[in-house]
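The values are calculated or read from the model by the stated rules, or taken from the named source; none is laboratory data. Just so it is clear, the model here is predicted, and its values are computed rather than measured. Cβ: placed from backbone, ideal geometry, glycine included. Neighbour counts: every protein chain shown. Just the protein is used for accessible areas: all its heavy atoms, side chains included, with ligands, DNA and RNA removed. Shrake-Rupley method; radii C 1.70, N 1.55, O 1.52, S 1.80 Å.
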Amino acid sequence: MAKLTTRNEDYSKWYNELVVKADLAENSGVRGSMVIKPYGYAIWEKIQAELDKKFKETGHQNAYFPLFVPKSLFEAEEKNAEGFAKECAVVTHYRLKTDPNNPHKLIVDPEAKLEEELIVRPTSEAIIWNTYKSWIQSYRDLPILINQWANVVRWEMRTRLFLRTAEFLWQEGHTAHATREEAVEETEKMLEVYADVVENFMAIPVIKGLKTPTERFAGADETYCIEAMMQDGKALQAGTSHFLGQNFAKAFDVKFTNREGKQEFAWATSWGVSTRLMGALIMTHSDDFGLVLPPKLAPIQVVIVPIFKGEEQLAEISKVANDIFDKLKAKGISVKYDDRTEYKPGWKFAEYELKGVPLRIAMGARDLENKTVEIARRDNLTKEVRSLENIEDYIEELLITVQNDIYKKAETYRNEHITKVESYEEFKKVLEEKGGFISAHWDGTAEEEEQIKEETKATIRCIPLDAEEEQGVSLITGKPSDKRVLFAKAY
(Lines give C-alpha, C1' and ligand atoms only; values in the text may rest on other atoms or scores of the structure.)
Protein backbone atom coordinates (compact mmCIF):
# COMPACT_ATOMS: atom_id res chain seq x y z
CA MET A 1 0.00 0.00 0.00
CA ALA A 2 1.61 3.24 -1.17
CA LYS A 3 2.27 5.78 1.58
CA LEU A 4 0.44 9.07 1.70
CA THR A 5 2.19 12.37 1.07
CA THR A 6 2.68 13.80 4.59
CA ARG A 7 0.79 16.88 5.81
CA ASN A 8 4.08 18.78 6.26
CA GLU A 9 5.25 17.99 2.73
CA ASP A 10 2.07 19.17 0.98
CA TYR A 11 -1.16 19.50 2.96
CA SER A 12 -3.34 19.91 -0.10
CA LYS A 13 -1.85 16.85 -1.82
CA TRP A 14 -2.17 14.84 1.42
CA TYR A 15 -5.89 15.70 1.57
CA ASN A 16 -6.57 14.82 -2.07
CA GLU A 17 -4.69 11.51 -1.82
CA LEU A 18 -6.41 10.57 1.42
CA VAL A 19 -9.92 11.10 0.08
CA VAL A 20 -9.18 8.81 -2.88
CA LYS A 21 -7.05 6.16 -1.12
CA ALA A 22 -9.43 5.80 1.84
CA ASP A 23 -12.18 5.11 -0.71
CA LEU A 24 -14.32 8.11 0.24
CA ALA A 25 -14.81 9.76 -3.16
CA GLU A 26 -13.27 10.25 -6.58
CA ASN A 27 -13.50 12.62 -9.50
CA SER A 28 -16.15 11.72 -12.06
CA GLY A 29 -16.66 11.93 -15.80
CA VAL A 30 -18.47 15.24 -15.18
CA ARG A 31 -15.99 18.08 -14.77
CA GLY A 32 -15.94 19.40 -11.20
CA SER A 33 -18.37 16.80 -9.86
CA MET A 34 -17.57 13.86 -7.62
CA VAL A 35 -18.60 10.26 -7.08
CA ILE A 36 -19.11 9.59 -3.37
CA LYS A 37 -18.08 5.98 -2.84
CA PRO A 38 -19.88 3.59 -0.44
CA TYR A 39 -17.43 4.08 2.46
CA GLY A 40 -17.62 7.87 2.15
CA TYR A 41 -21.38 7.77 1.73
CA ALA A 42 -21.74 5.57 4.85
CA ILE A 43 -20.04 8.33 6.88
CA TRP A 44 -22.27 11.00 5.27
CA GLU A 45 -25.36 8.87 6.07
CA LYS A 46 -24.38 8.84 9.74
CA ILE A 47 -24.01 12.64 9.79
CA GLN A 48 -27.30 12.91 7.90
CA ALA A 49 -29.15 10.57 10.29
CA GLU A 50 -28.02 12.52 13.36
CA LEU A 51 -28.98 15.87 11.83
CA ASP A 52 -32.31 14.53 10.60
CA LYS A 53 -33.13 13.21 14.08
CA LYS A 54 -32.36 16.64 15.59
CA PHE A 55 -34.45 18.46 12.95
CA LYS A 56 -37.45 16.28 13.72
CA GLU A 57 -36.94 16.68 17.49
CA THR A 58 -37.16 20.47 16.96
CA GLY A 59 -40.46 20.15 15.10
CA HIS A 60 -39.32 20.18 11.46
CA GLN A 61 -40.66 18.02 8.63
CA ASN A 62 -38.94 16.91 5.44
CA ALA A 63 -40.32 17.80 2.02
CA TYR A 64 -38.98 17.98 -1.52
CA PHE A 65 -39.08 20.83 -4.04
CA PRO A 66 -38.13 20.97 -7.76
CA LEU A 67 -34.55 20.94 -9.00
CA PHE A 68 -35.40 23.62 -11.59
CA VAL A 69 -36.23 27.24 -10.78
CA PRO A 70 -37.76 29.44 -13.53
CA LYS A 71 -35.51 32.45 -14.12
CA SER A 72 -38.33 34.92 -13.31
CA LEU A 73 -38.74 33.36 -9.85
CA PHE A 74 -35.00 33.21 -9.29
CA GLU A 75 -34.55 36.94 -9.98
CA ALA A 76 -37.52 38.00 -7.82
CA GLU A 77 -35.31 38.53 -4.74
CA GLU A 78 -32.65 40.75 -6.27
CA LYS A 79 -29.87 40.39 -3.68
CA ASN A 80 -30.20 36.60 -3.74
CA ALA A 81 -30.21 36.43 -7.54
CA GLU A 82 -27.20 38.74 -7.79
CA GLY A 83 -25.29 36.75 -5.15
CA PHE A 84 -25.63 33.48 -7.09
CA ALA A 85 -25.80 34.75 -10.68
CA LYS A 86 -22.19 33.93 -11.56
CA GLU A 87 -22.40 30.28 -10.52
CA CYS A 88 -25.71 29.16 -12.01
CA ALA A 89 -26.19 26.30 -14.45
CA VAL A 90 -28.97 27.22 -16.89
CA VAL A 91 -31.26 24.91 -18.91
CA THR A 92 -32.23 26.49 -22.24
CA HIS A 93 -33.54 23.54 -24.33
CA TYR A 94 -35.60 20.44 -23.63
CA ARG A 95 -34.67 18.07 -26.47
CA LEU A 96 -31.79 16.57 -28.45
CA LYS A 97 -31.89 15.24 -32.01
CA THR A 98 -29.63 13.29 -34.34
CA ASP A 99 -27.03 15.43 -36.09
CA PRO A 100 -27.98 15.46 -39.81
CA ASN A 101 -24.26 15.70 -40.68
CA ASN A 102 -23.26 12.81 -38.39
CA PRO A 103 -25.92 10.17 -37.61
CA HIS A 104 -23.83 8.82 -34.69
CA LYS A 105 -23.93 12.16 -32.85
CA LEU A 106 -26.60 14.19 -31.08
CA ILE A 107 -27.16 17.94 -31.22
CA VAL A 108 -29.41 20.31 -29.26
CA ASP A 109 -32.65 20.69 -31.20
CA PRO A 110 -32.89 24.43 -32.00
CA GLU A 111 -36.69 24.03 -32.26
CA ALA A 112 -36.85 22.91 -28.62
CA LYS A 113 -35.85 26.18 -26.96
CA LEU A 114 -37.60 26.84 -23.65
CA GLU A 115 -39.81 29.92 -23.48
CA GLU A 116 -38.20 30.71 -20.13
CA GLU A 117 -34.80 29.47 -18.99
CA LEU A 118 -34.64 27.18 -15.95
CA ILE A 119 -31.94 27.61 -13.31
CA VAL A 120 -30.60 24.42 -11.73
CA ARG A 121 -31.04 25.27 -8.04
CA PRO A 122 -27.97 26.75 -6.32
CA THR A 123 -30.31 27.12 -3.30
CA SER A 124 -34.09 26.82 -3.02
CA GLU A 125 -35.44 29.99 -1.38
CA ALA A 126 -37.08 31.20 -4.63
CA ILE A 127 -39.03 28.05 -5.51
CA ILE A 128 -39.97 27.44 -1.88
CA TRP A 129 -41.24 30.96 -1.16
CA ASN A 130 -43.20 30.91 -4.40
CA THR A 131 -44.82 27.70 -3.05
CA TYR A 132 -45.40 29.13 0.45
CA LYS A 133 -47.52 31.88 -1.11
CA SER A 134 -50.37 29.38 -1.55
CA TRP A 135 -49.75 27.69 1.83
CA ILE A 136 -49.95 30.82 4.00
CA GLN A 137 -53.12 32.90 4.44
CA SER A 138 -53.52 33.28 8.19
CA TYR A 139 -51.39 33.32 11.35
CA ARG A 140 -52.95 29.87 11.97
CA ASP A 141 -50.88 28.51 9.03
CA LEU A 142 -47.66 29.53 10.77
CA PRO A 143 -45.00 28.55 11.57
CA ILE A 144 -44.04 26.41 8.59
CA LEU A 145 -40.97 24.35 9.53
CA ILE A 146 -39.65 22.51 6.47
CA ASN A 147 -36.33 20.84 5.68
CA GLN A 148 -35.19 19.44 2.35
CA TRP A 149 -32.40 16.90 1.71
CA ALA A 150 -31.22 17.60 -1.82
CA ASN A 151 -28.42 18.24 -4.28
CA VAL A 152 -27.53 21.72 -5.49
CA VAL A 153 -25.33 23.03 -8.29
CA ARG A 154 -22.92 25.95 -8.01
CA TRP A 155 -20.61 26.23 -10.98
CA GLU A 156 -17.09 26.22 -9.50
CA MET A 157 -13.93 26.81 -11.51
CA ARG A 158 -11.50 25.32 -8.99
CA THR A 159 -12.85 22.17 -7.40
CA ARG A 160 -11.69 19.89 -4.58
CA LEU A 161 -13.43 16.70 -3.46
CA PHE A 162 -16.01 17.40 -0.73
CA LEU A 163 -14.80 20.97 -0.13
CA ARG A 164 -15.87 22.57 -3.38
CA THR A 165 -17.62 20.69 -6.18
CA ALA A 166 -20.02 21.87 -8.88
CA GLU A 167 -22.73 19.59 -7.47
CA PHE A 168 -22.94 18.69 -3.80
CA LEU A 169 -25.37 17.19 -1.30
CA TRP A 170 -26.87 19.15 1.54
CA GLN A 171 -29.91 19.90 3.61
CA GLU A 172 -31.66 23.24 3.52
CA GLY A 173 -34.21 24.30 6.09
CA HIS A 174 -36.77 26.94 5.09
CA THR A 175 -39.15 28.27 7.71
CA ALA A 176 -41.88 30.91 7.80
CA HIS A 177 -43.01 32.72 10.98
CA ALA A 178 -45.62 35.21 12.19
CA THR A 179 -43.13 37.42 14.09
CA ARG A 180 -39.59 38.67 13.82
CA GLU A 181 -38.80 37.28 17.29
CA GLU A 182 -39.90 33.76 16.35
CA ALA A 183 -37.78 33.82 13.18
CA VAL A 184 -34.69 35.04 15.05
CA GLU A 185 -35.25 32.37 17.73
CA GLU A 186 -35.47 29.70 14.99
CA THR A 187 -32.25 30.95 13.32
CA GLU A 188 -30.36 30.75 16.63
CA LYS A 189 -31.90 27.39 17.56
CA MET A 190 -30.73 25.77 14.31
CA LEU A 191 -27.22 27.16 14.78
CA GLU A 192 -27.20 25.38 18.18
CA VAL A 193 -28.35 22.15 16.50
CA TYR A 194 -25.44 22.38 14.04
CA ALA A 195 -22.91 23.15 16.78
CA ASP A 196 -24.22 20.23 18.85
CA VAL A 197 -23.91 17.68 16.03
CA VAL A 198 -20.54 18.95 14.79
CA GLU A 199 -19.01 19.02 18.29
CA ASN A 200 -20.60 16.00 19.98
CA PHE A 201 -20.87 13.72 16.97
CA MET A 202 -18.09 14.75 14.61
CA ALA A 203 -15.76 15.76 17.47
CA ILE A 204 -14.97 19.11 15.79
CA PRO A 205 -14.89 22.17 18.09
CA VAL A 206 -16.57 25.23 16.58
CA ILE A 207 -16.92 28.94 17.24
CA LYS A 208 -20.44 30.34 16.89
CA GLY A 209 -20.69 33.80 15.43
CA LEU A 210 -22.27 36.31 13.07
CA LYS A 211 -21.00 37.05 9.56
CA THR A 212 -20.17 40.64 8.61
CA PRO A 213 -22.54 42.32 6.09
CA THR A 214 -19.97 41.61 3.33
CA GLU A 215 -19.83 37.87 4.12
CA ARG A 216 -23.57 37.53 4.74
CA PHE A 217 -25.78 35.20 2.67
CA ALA A 218 -27.25 37.09 -0.30
CA GLY A 219 -30.81 38.00 0.69
CA ALA A 220 -30.32 37.64 4.46
CA ASP A 221 -30.61 40.29 7.17
CA GLU A 222 -28.25 38.31 9.41
CA THR A 223 -26.10 35.20 8.88
CA TYR A 224 -25.05 33.08 11.85
CA CYS A 225 -22.26 30.55 11.37
CA ILE A 226 -20.11 27.91 13.00
CA GLU A 227 -16.40 28.12 12.15
CA ALA A 228 -13.92 25.27 12.57
CA MET A 229 -10.11 25.19 12.46
CA MET A 230 -8.28 22.75 10.19
CA GLN A 231 -4.82 21.33 10.95
CA ASP A 232 -3.13 23.59 8.41
CA GLY A 233 -4.34 26.65 10.35
CA LYS A 234 -7.07 27.53 7.87
CA ALA A 235 -10.69 28.04 8.90
CA LEU A 236 -13.66 26.22 7.43
CA GLN A 237 -17.26 27.40 7.61
CA ALA A 238 -19.05 24.29 8.85
CA GLY A 239 -22.64 25.52 8.78
CA THR A 240 -24.80 28.62 8.40
CA SER A 241 -28.19 29.74 9.64
CA HIS A 242 -29.80 32.82 8.09
CA PHE A 243 -32.39 35.24 9.40
CA LEU A 244 -34.00 36.40 6.14
CA GLY A 245 -36.29 39.05 7.61
CA GLN A 246 -39.24 39.69 5.29
CA ASN A 247 -37.10 39.88 2.14
CA PHE A 248 -38.41 36.73 0.48
CA ALA A 249 -41.99 37.26 1.68
CA LYS A 250 -41.96 40.70 0.03
CA ALA A 251 -40.35 39.37 -3.15
CA PHE A 252 -43.01 36.64 -3.49
CA ASP A 253 -45.89 38.54 -1.87
CA VAL A 254 -46.34 36.05 0.98
CA LYS A 255 -48.79 37.78 3.33
CA PHE A 256 -50.93 36.50 6.17
CA THR A 257 -53.74 37.88 8.30
CA ASN A 258 -52.39 38.39 11.83
CA ARG A 259 -54.32 38.02 15.11
CA GLU A 260 -55.52 41.61 14.84
CA GLY A 261 -56.96 40.92 11.38
CA LYS A 262 -54.27 42.97 9.61
CA GLN A 263 -52.23 41.83 6.57
CA GLU A 264 -48.52 41.30 7.27
CA PHE A 265 -45.54 39.80 5.44
CA ALA A 266 -44.20 36.51 6.87
CA TRP A 267 -40.75 36.31 8.50
CA ALA A 268 -38.25 33.79 7.19
CA THR A 269 -35.18 31.71 7.97
CA SER A 270 -33.02 29.31 5.99
CA TRP A 271 -30.15 27.13 7.20
CA GLY A 272 -27.90 24.46 5.72
CA VAL A 273 -24.92 22.16 5.99
CA SER A 274 -23.43 20.13 3.16
CA THR A 275 -21.03 17.32 2.24
CA ARG A 276 -18.38 19.99 2.97
CA LEU A 277 -18.59 18.61 6.53
CA MET A 278 -16.79 15.53 5.19
CA GLY A 279 -13.86 17.75 4.29
CA ALA A 280 -13.94 19.28 7.79
CA LEU A 281 -13.96 15.82 9.36
CA ILE A 282 -10.94 14.66 7.35
CA MET A 283 -8.86 17.82 7.84
CA THR A 284 -9.58 18.21 11.56
CA HIS A 285 -8.62 14.72 12.75
CA SER A 286 -6.65 12.70 10.20
CA ASP A 287 -2.89 12.04 10.18
CA ASP A 288 -0.10 10.90 7.86
CA PHE A 289 -1.28 7.27 8.07
CA GLY A 290 -4.82 7.99 6.92
CA LEU A 291 -8.26 8.82 8.27
CA VAL A 292 -8.98 9.20 11.97
CA LEU A 293 -12.71 8.78 12.54
CA PRO A 294 -14.61 9.54 15.74
CA PRO A 295 -16.35 6.28 16.79
CA LYS A 296 -19.82 7.84 16.50
CA LEU A 297 -19.22 8.34 12.76
CA ALA A 298 -17.16 5.30 11.85
CA PRO A 299 -18.97 2.82 9.56
CA ILE A 300 -16.82 0.11 11.22
CA GLN A 301 -16.05 0.91 14.87
CA VAL A 302 -14.06 -2.24 15.67
CA VAL A 303 -12.23 -4.65 13.37
CA ILE A 304 -10.98 -8.07 14.50
CA VAL A 305 -7.94 -9.42 12.63
CA PRO A 306 -6.76 -13.03 13.20
CA ILE A 307 -3.03 -13.84 13.05
CA PHE A 308 -2.68 -17.52 12.15
CA LYS A 309 -0.72 -20.27 10.45
CA GLY A 310 -2.91 -22.79 8.67
CA GLU A 311 -6.62 -23.52 8.55
CA GLU A 312 -6.71 -25.31 11.89
CA GLN A 313 -5.32 -22.36 13.83
CA LEU A 314 -7.69 -19.99 12.01
CA ALA A 315 -10.66 -22.16 13.00
CA GLU A 316 -9.62 -22.04 16.68
CA ILE A 317 -9.11 -18.26 16.65
CA SER A 318 -12.40 -17.80 14.77
CA LYS A 319 -14.36 -19.50 17.56
CA VAL A 320 -13.16 -16.89 20.08
CA ALA A 321 -13.27 -14.01 17.57
CA ASN A 322 -16.88 -14.78 16.61
CA ASP A 323 -17.82 -14.85 20.28
CA ILE A 324 -16.30 -11.33 20.73
CA PHE A 325 -18.05 -10.26 17.50
CA ASP A 326 -21.47 -11.38 18.81
CA LYS A 327 -20.99 -9.70 22.20
CA LEU A 328 -19.99 -6.38 20.60
CA LYS A 329 -22.84 -6.54 18.10
CA ALA A 330 -25.29 -7.15 20.96
CA LYS A 331 -24.13 -3.82 22.41
CA GLY A 332 -24.91 -2.02 19.14
CA ILE A 333 -21.23 -1.70 18.20
CA SER A 334 -20.46 -1.93 14.49
CA VAL A 335 -17.82 -4.67 14.17
CA LYS A 336 -16.13 -6.56 11.34
CA TYR A 337 -14.24 -9.87 11.53
CA ASP A 338 -11.71 -9.94 8.70
CA ASP A 339 -10.74 -13.59 8.21
CA ARG A 340 -9.76 -13.21 4.54
CA THR A 341 -6.88 -15.58 3.80
CA GLU A 342 -5.60 -13.80 0.66
CA TYR A 343 -4.22 -10.83 2.65
CA LYS A 344 -1.57 -10.85 5.37
CA PRO A 345 -2.36 -9.31 8.80
CA GLY A 346 0.11 -6.44 8.19
CA TRP A 347 -1.70 -5.50 4.98
CA LYS A 348 -5.03 -5.52 6.81
CA PHE A 349 -3.62 -3.39 9.64
CA ALA A 350 -2.52 -0.76 7.11
CA GLU A 351 -5.89 -0.84 5.33
CA TYR A 352 -7.92 -0.27 8.50
CA GLU A 353 -5.48 2.40 9.66
CA LEU A 354 -5.96 4.21 6.32
CA LYS A 355 -9.75 3.92 6.68
CA GLY A 356 -9.72 5.30 10.21
CA VAL A 357 -11.34 2.35 12.04
CA PRO A 358 -11.22 3.49 15.71
CA LEU A 359 -10.25 0.15 17.33
CA ARG A 360 -8.44 -2.90 16.01
CA ILE A 361 -8.39 -6.22 17.84
CA ALA A 362 -5.60 -8.63 16.84
CA MET A 363 -5.57 -12.25 17.96
CA GLY A 364 -2.87 -14.87 17.44
CA ALA A 365 -1.91 -18.32 18.78
CA ARG A 366 -0.28 -16.87 21.91
CA ASP A 367 -3.43 -14.82 22.64
CA LEU A 368 -5.48 -18.04 22.42
CA GLU A 369 -3.26 -19.68 25.05
CA ASN A 370 -3.28 -16.63 27.33
CA LYS A 371 -6.95 -15.78 26.76
CA THR A 372 -5.98 -12.26 25.68
CA VAL A 373 -6.22 -9.93 22.68
CA GLU A 374 -4.17 -6.98 21.49
CA ILE A 375 -6.18 -3.75 21.15
CA ALA A 376 -4.84 -0.91 18.99
CA ARG A 377 -6.30 2.60 19.07
CA ARG A 378 -6.36 4.46 15.76
CA ASP A 379 -6.44 7.97 17.27
CA ASN A 380 -3.17 7.82 19.23
CA LEU A 381 -1.66 4.64 17.71
CA THR A 382 -1.22 2.96 21.13
CA LYS A 383 -1.54 -0.79 21.73
CA GLU A 384 -2.33 -2.85 24.80
CA VAL A 385 -2.93 -6.49 25.67
CA ARG A 386 -6.19 -7.21 27.49
CA SER A 387 -7.79 -10.26 29.04
CA LEU A 388 -10.86 -11.64 27.25
CA GLU A 389 -12.87 -11.33 30.43
CA ASN A 390 -15.61 -8.67 29.97
CA ILE A 391 -13.82 -7.50 26.85
CA GLU A 392 -17.09 -6.19 25.37
CA ASP A 393 -17.61 -3.81 28.33
CA TYR A 394 -14.03 -2.57 28.05
CA ILE A 395 -14.40 -1.93 24.29
CA GLU A 396 -17.67 -0.07 24.84
CA GLU A 397 -16.00 2.26 27.37
CA LEU A 398 -12.89 2.65 25.22
CA LEU A 399 -14.93 3.85 22.24
CA ILE A 400 -16.38 6.63 24.43
CA THR A 401 -12.84 7.54 25.58
CA VAL A 402 -11.59 7.65 21.98
CA GLN A 403 -14.50 9.92 20.94
CA ASN A 404 -13.74 12.32 23.81
CA ASP A 405 -9.96 12.27 23.25
CA ILE A 406 -10.34 13.05 19.53
CA TYR A 407 -12.44 16.09 20.44
CA LYS A 408 -10.00 17.24 23.15
CA LYS A 409 -7.03 16.98 20.77
CA ALA A 410 -8.82 19.10 18.13
CA GLU A 411 -9.94 21.60 20.77
CA THR A 412 -6.40 21.98 22.16
CA TYR A 413 -5.04 22.59 18.64
CA ARG A 414 -7.79 25.13 17.91
CA ASN A 415 -7.28 26.99 21.21
CA GLU A 416 -3.51 27.16 20.65
CA HIS A 417 -4.25 28.73 17.25
CA ILE A 418 -6.35 31.67 18.43
CA THR A 419 -3.99 34.63 18.70
CA LYS A 420 -4.81 38.14 19.92
CA VAL A 421 -3.00 40.87 18.01
CA GLU A 422 -2.89 44.66 18.50
CA SER A 423 -1.28 45.88 15.25
CA TYR A 424 -1.48 45.17 11.52
CA GLU A 425 2.23 44.25 11.47
CA GLU A 426 1.67 41.66 14.18
CA PHE A 427 -1.45 40.45 12.31
CA LYS A 428 0.53 39.79 9.11
CA LYS A 429 3.37 38.09 11.01
CA VAL A 430 1.03 35.69 12.87
CA LEU A 431 -0.92 34.94 9.70
CA GLU A 432 2.23 33.93 7.78
CA GLU A 433 4.18 32.20 10.55
CA LYS A 434 1.49 30.57 12.69
CA GLY A 435 -1.89 30.77 10.96
CA GLY A 436 -5.14 29.97 12.73
CA PHE A 437 -7.73 32.44 14.01
CA ILE A 438 -6.50 35.95 14.66
CA SER A 439 -8.52 37.89 17.21
CA ALA A 440 -8.32 41.59 16.36
CA HIS A 441 -10.22 44.85 16.43
CA TRP A 442 -12.04 46.02 13.26
CA ASP A 443 -13.61 49.38 12.54
CA GLY A 444 -16.85 47.87 11.23
CA THR A 445 -16.40 49.09 7.65
CA ALA A 446 -16.42 47.02 4.46
CA GLU A 447 -13.44 49.11 3.26
CA GLU A 448 -11.07 47.97 6.00
CA GLU A 449 -12.33 44.38 5.67
CA GLU A 450 -11.70 44.44 1.91
CA GLN A 451 -8.22 45.97 2.24
CA ILE A 452 -7.16 43.28 4.71
CA LYS A 453 -8.57 40.58 2.41
CA GLU A 454 -6.76 41.98 -0.64
CA GLU A 455 -3.42 42.39 1.14
CA THR A 456 -3.38 39.17 3.21
CA LYS A 457 -6.12 36.84 1.81
CA ALA A 458 -7.56 36.69 5.35
CA THR A 459 -11.27 37.30 5.87
CA ILE A 460 -13.39 37.99 8.92
CA ARG A 461 -14.68 34.50 9.71
CA CYS A 462 -17.15 35.73 12.29
CA ILE A 463 -18.00 38.15 15.05
CA PRO A 464 -18.13 35.61 17.93
CA LEU A 465 -21.47 35.46 19.73
CA ASP A 466 -19.61 35.37 23.03
CA ALA A 467 -17.27 38.27 22.15
CA GLU A 468 -16.63 40.40 25.23
CA GLU A 469 -16.92 44.17 25.27
CA GLU A 470 -13.38 45.49 25.01
CA GLN A 471 -12.22 48.92 23.89
CA GLY A 472 -9.51 48.97 21.24
CA VAL A 473 -8.52 50.41 17.88
CA SER A 474 -8.89 48.80 14.47
CA LEU A 475 -5.93 47.38 12.55
CA ILE A 476 -5.61 49.85 9.68
CA THR A 477 -7.71 52.98 10.26
CA GLY A 478 -7.10 53.11 14.03
CA LYS A 479 -10.79 53.87 14.60
CA PRO A 480 -12.30 52.82 17.95
CA SER A 481 -13.78 49.32 18.29
CA ASP A 482 -15.65 47.76 21.20
CA LYS A 483 -15.03 44.05 20.49
CA ARG A 484 -12.71 41.71 18.64
CA VAL A 485 -13.57 39.68 15.54
CA LEU A 486 -11.90 36.53 14.22
CA PHE A 487 -9.86 36.68 11.00
CA ALA A 488 -8.33 33.69 9.20
CA LYS A 489 -7.45 32.35 5.79
CA ALA A 490 -10.20 29.92 4.89
CA TYR A 491 -11.40 27.15 2.62
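Scanning region 137-153 for residues that are over 19 Å from E185 (Cβ atoms) and touching a residue at least 12 places away in the same chain (Cβ under 8 Å) yields Q137, S138, Q148, W149, A150, N151, V152, V153. A195 passes every criterion in (1) open to solvent by 10 Å² or more (accessible area, probe 1.4 Å); (2) under 21 Å from V485 (Cα atoms); (3) in a helix (DSSP H, G or I); (4) not acidic (D, E) apart from (1). Restricting attention to region 306-327, does a residue exist that is closer than 17 Å to M202 by Cα and out of contact with any helix residue (DSSP H, G or I) (no Cβ under 9 Å at 6 or more places or on another chain)? No, region 306-327 contains no residue that is closer than 17 Å to M202 by Cα and out of contact with any helix residue (DSSP H, G or I) (no Cβ under 9 Å at 6 or more places or on another chain). Looking only at residues of region 465-491 that are open to solvent by 20 Å² or more (accessible area, probe 1.4 Å) and within 21 Å of the chain's Cα centre (by Cα), we find that the one that is nearest to L191 (Cα to Cα) is L465.
Of the residues in region 255-264, not one is in a helix (DSSP H, G or I) and open to solvent by less than 10 Å² (accessible area, probe 1.4 Å).
Please work out which residue is most open to solvent (accessible area, probe 1.4 Å), limiting yourself to region 354-366 and to residues that are of a type in the set (A, V, I, L, M) and in a helix (DSSP H, G or I). Among them, the one singled out is A365. Of the candidates E374, E351, E369, the single residue that is assigned to a strand (DSSP E or B) and not β-branched (V, I, T) is E374.
Cβ-Cβ contacts under 9 Å between residues 6 or more apart (or on different chains), taken from a first residue in region 88-108 that is under 27 Å from R154 (Cβ atoms) and open to solvent by 80 Å² or more (accessible area, probe 1.4 Å) to a second residue that is in a loop (DSSP other than H, G, I, E, B) and not β-branched (V, I, T), are listed as Y94/D109; R95/D109; L96/D109. Residues of region 216-232 that are outside any strand (DSSP E or B) and in contact with a Leu (Cβ under 9 Å, 6 or more places away or on another chain): R216, F217, G219, A220, D221, M230. Between F65, F74, F84, which is surrounded by 13 or more Cβ atoms within 10 Å (Cβ to Cβ), over 30 Å from D287 (Cα atoms) and under 21 Å from the mean Cα position of the chain (by Cα)? Among F65, F74, F84, only F84 is surrounded by 13 or more Cβ atoms within 10 Å (Cβ to Cβ), over 30 Å from D287 (Cα atoms) and under 21 Å from the mean Cα position of the chain (by Cα). Of all the listed residues (K408, K420), the sole one being surrounded by fewer than 16 Cβ atoms within 10 Å (Cβ to Cβ) and in contact with a Ser or Thr (Cβ under 8 Å, 6 or more places away or on another chain) is K420.
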